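Q: I'd like to ask you about the structure that follows.
The values are calculated or read from the model by the stated rules, or taken from the named source; none is laboratory data. All values derive from a computational prediction rather than experimental measurement. Ideal geometry is used to build each Cβ from the backbone, glycine not excepted, and the neighbour counts take in all protein chains shown. To get the accessible areas, we keep the full protein, side chains included, count just its heavy atoms, and leave off ligands, DNA and RNA. Shrake-Rupley method; radii C 1.70, N 1.55, O 1.52, S 1.80 Å.
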Amino acid sequence: MANDAEMTLEVEIFDGSGNFANWSEQVILALWQKGVLDYVESDMHTGTAEELDKKKFNPADSKADGLAVTIILRCMSKSHRKRFIRSTAFEVWMELQKLYGVPNTEDL
């Protein structure tokens, strides 16, 4: 039996025609499992100078944001990935919600 560190969540590939709510719940769990869910829930890159200073954005955040983007994009068909290259996790998630629906991440 695999231990918790070895367990991974498999997420179906979203191509725009499936059930976005179910897919997004799977992605949210995958993001949570990797410790990067915060990067889709808040925009770590924008705000006033004072707001950015409070966020204390650093290179580790950039790497974690990149991991969140990678997780999301790997769960999408190649044709859907193209529009999100060079986007933050927050930007990708907000655009997906706008296009396909708004999942509830507050219950996790």
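Q: Within the stretch 74-89, which residues are hydrophobic (A, V, I, L, M, F, W, C) and either open to solvent by 20 Å² or more (accessible area, probe 1.4 Å) or over 16 Å from Val40 (Cβ atoms) (or both)?
A: Of everything in the stretch 74-89, just one residue is hydrophobic (A, V, I, L, M, F, W, C) and either open to solvent by 20 Å² or more (accessible area, probe 1.4 Å) or over 16 Å from Val40 (Cβ atoms) (or both), namely Ile85.
Q: Consider Val40 carefully, then state whether it is modelled with pLDDT under 90, on the phi < 0 side of the Ramachandran plot and open to solvent by less than 30 Å² (accessible area, probe 1.4 Å).
A: yes
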